[in-house]
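**Student:** Here's a structure for you.
The values are calculated or read from the model by the stated rules, or taken from the named source; none is laboratory data. On a predicted model such as this, the values are computed, not experimentally measured, just so you know. In this analysis, Cβ positions are derived from the backbone assuming ideal geometry, glycine residues included, and neighbour counts consider all displayed protein chains. Calculation scope for accessible area: heavy atoms of the full protein, side chains included, ligands and nucleic acids excluded. Shrake-Rupley method; radii C 1.70, N 1.55, O 1.52, S 1.80 Å.
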Amino acid sequence: MKKTDLLKKTTAAFVPTLVAASLSLAAMPTLAADYEFNIVHLSNTSDEDYDGAVVLKDHVEAQSNGRIKVNIYSGGQLCGNPTECIEALQANLIQVFNTTTGGLSNVFPEIQAIDIPYIFPTDRVAECALNNEMLVGPIRKELLDRTGTMRLMTIGNTGGWRNFATTSKQIKTPEDVKGLKIRTINSPIQMQLVKAMGGSPTAVPWPEVYTSLATGLVEGTKNGITDIMGMKFNEHIKYMTLDGHGYMASMWWMNNDSLKDMPEDLQHIMMDGFDALREVTTVMPKRRQIEAYNEFKASGGTVYAPTAEEKAQFQEAAKPVRDWFVNEYGAKWVETTESAVKSCEASINDAYMAQN
């Protein structure tokens, strides 16, 4: 397969920013490192993406005895959006970047298979599947084949689960979504879910969501509780429904040349560092959501957990999304994801039986 030409060069706006940052770094005392990497994530320093990056930095710098140096750039300091950052990663101007499926969809739209609604039934199954070489290995190979430069290092989490959250109406069943204007990201599969339940999907950029909720442009959104509280959406959102239609996976990429330029022992240290990052980004949303839900309730919000019967209704209503995806992109990546899920469910069931 030919390498994509979508990302052969970085945007003009990126280069001056990187140069300025490099000059700033040059003016600072530096360690005598053999290898230096720039990690970029677009969230702020209170996010689990930052926590994971810090753990990665600490691990590789310590375990390499200073042979590797890592610089962390948060909040879009070096590149402002996923497309720009992916371009910079492929040009080796930055070495590490993380994306959601939406951020990667321009390069690899089939990756949205892991966003098919309700494909992951629980945290444990999702974490197992997204750390399973049955799924991770093929994704890694596919992106290397397509780009030549993007190596998938690990898949963590960024924000827990996507749930329906609304301003004036509690959603208990798919019927309750009908007619509601629900904010989505600019992702076909996210829009298809809202359509399947009779709602009106409205793509709104992240910085405009608060105002859109305030003005009634949208009547709800699909986000995790930590994002809702962090952005003060709870000033307008009053209802949450824990339907758990999407696990917010975060894929961490490294420039392949940067990794392979190091000796094997340092490559292994880097891989171990990414595994530590995965553990942190998986656990932190669970811890933070406890306080976030309590704050949401204290601010007057109501949280509803669907019954097993209601959850089954959501799953049934979302089935056309899978059909749409297969028609649009083929069955390969859906089946690959579902196979990893089934394998993990079987191993978890075996663990249950072993403890009986």
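**Student:** Condition first: modelled with pLDDT of 95 or more, surrounded by 20 or more Cβ atoms within 10 Å (Cβ to Cβ) and more than 21 Å from THR154 (Cβ to Cβ). Can you find one or more residues in the range 89-110 that meet it?
**Tutor:** Yes, the conditions are met somewhere in the range 89-110.
**Student:** Please work out which one of (1) in a helix (DSSP H, G or I); (2) modelled with pLDDT under 95; (3) of a type in the set (S, T, N, Q) is the condition THR282 fails and give its number.
**Tutor:** Here THR282 meets the rest and fails (2).
**Student:** Okay, moving on. Between a residue in the range 333-356 that is in a helix (DSSP H, G or I) and any residue that is among the acidic types (Asp, Glu) and surrounded by 10 or more Cβ atoms within 10 Å (Cβ to Cβ), which pairs come within a Cβ distance under 8 Å, given they are 6 or more apart or on different chains?
**Tutor:** Every condition considered, the pairs that remain are TRP333/GLU110.
**Student:** When you check GLY156 against the structure, is it at positive phi and either of a type in the set (Lys, Arg) or not in a helix (DSSP H, G or I) (or both), yes or no?
**Tutor:** Values: at positive phi: no; either of a type in the set (Lys, Arg) or not in a helix (DSSP H, G or I) (or both): yes.
Considered against the rule, which asks whether it is at positive phi and either of a type in the set (Lys, Arg) or not in a helix (DSSP H, G or I) (or both), GLY156 comes out as no.
**Student:** Do we find a residue being of a type outside the set (Phe, Trp, Tyr), at negative phi and within 16 Å of the chain's Cα centre (by Cα) anywhere in the range 164-183?
**Tutor:** First pass over the range 164-183, keeping only residues of a type outside the set (Phe, Trp, Tyr): 165-183.
Applying the additional criterion that residues be at negative phi yields 165-178, 180-183.
Checking the rest, the ones that are also within 16 Å of the chain's Cα centre (by Cα) come to none.
No, because not a single residue in the range 164-183 is of a type outside the set (Phe, Trp, Tyr), at negative phi and within 16 Å of the chain's Cα centre (by Cα).
**Student:** Please pick out the residue among VAL125, VAL177, VAL136, VAL107 that is among the β-branched types (Val, Ile, Thr) and touching a Cys at 6+ places or on another chain (Cβ under 7 Å). Give the derivation first.
**Tutor:** On the way: VAL177 fails: touching a Cys at 6+ places or on another chain (Cβ under 7 Å); VAL136 fails: touching a Cys at 6+ places or on another chain (Cβ under 7 Å); VAL107 fails: touching a Cys at 6+ places or on another chain (Cβ under 7 Å).
That would be VAL125, the only listed residue that is among the β-branched types (Val, Ile, Thr) and touching a Cys at 6+ places or on another chain (Cβ under 7 Å).
**Student:** Looking at the range 310-322, I want the residues that are farther than 12 Å from ILE171 by Cβ and open to solvent by 30 Å² or more (accessible area, probe 1.4 Å) and have a partner that is at pLDDT 95 or above and among the small types (Gly, Ala, Ser) with Cβ atoms under 7 Å, at least 6 apart or on another chain. Which pairs are those?
**Tutor:** PRO320/ALA196
**Student:** I've got another one for you. Looking at ALA165 and the list (1) outside any helix (DSSP H, G or I); (2) closer than 21 Å to LEU277 by Cβ; (3) small (Gly, Ala, Ser), which single condition is not satisfied?
**Tutor:** Every condition holds for ALA165 apart from (2).
**Student:** Same structure, new question: Checking ILE228 against (1) crowded, with 21+ Cβ neighbours inside 10 Å; (2) among the aliphatic types (A, V, I, L, M); (3) in a strand (DSSP E or B): exactly one of these is not met. Which one?
**Tutor:** Checking ILE228 against (1) crowded, with 21+ Cβ neighbours inside 10 Å; (2) among the aliphatic types (A, V, I, L, M); (3) in a strand (DSSP E or B), the one that fails is (3).
**Student:** Let me ask something additional. Suppose we keep only residues that are part of a helix (DSSP H, G or I) and under 24 Å from the mean Cα position of the chain (by Cα) within the range 296-316. Which one would you say is farthest from GLY198 (Cα to Cα)? Walk me through how you get there before you give the answer.
**Tutor:** From the range 296-316, those part of a helix (DSSP H, G or I) are 296-298, 308-316; that's our starting set.
Keeping just the survivors that are under 24 Å from the mean Cα position of the chain (by Cα) gives 296, 311, 314-315.
Numbers: PHE296: 27, LYS311: 17, PHE314: 12, GLN315: 14 Å.
Ranking the candidates gives PHE296 first.
**Student:** For the range 251-303: of the residues being touching a helix residue (DSSP H, G or I) at 6+ places or on another chain (Cβ under 8 Å) and of a type in the set (Lys, Arg), which is least open to solvent (accessible area, probe 1.4 Å)?
**Tutor:** The selected residue is ARG278.
**Student:** Can you tell me which residue within the range 186-206, out of those that are over 20 Å from the mean Cα position of the chain (by Cα) and among the aliphatic types (A, V, I, L, M), is surrounded by the most Cβ atoms within 10 Å (Cβ to Cβ)?
**Tutor:** MET197
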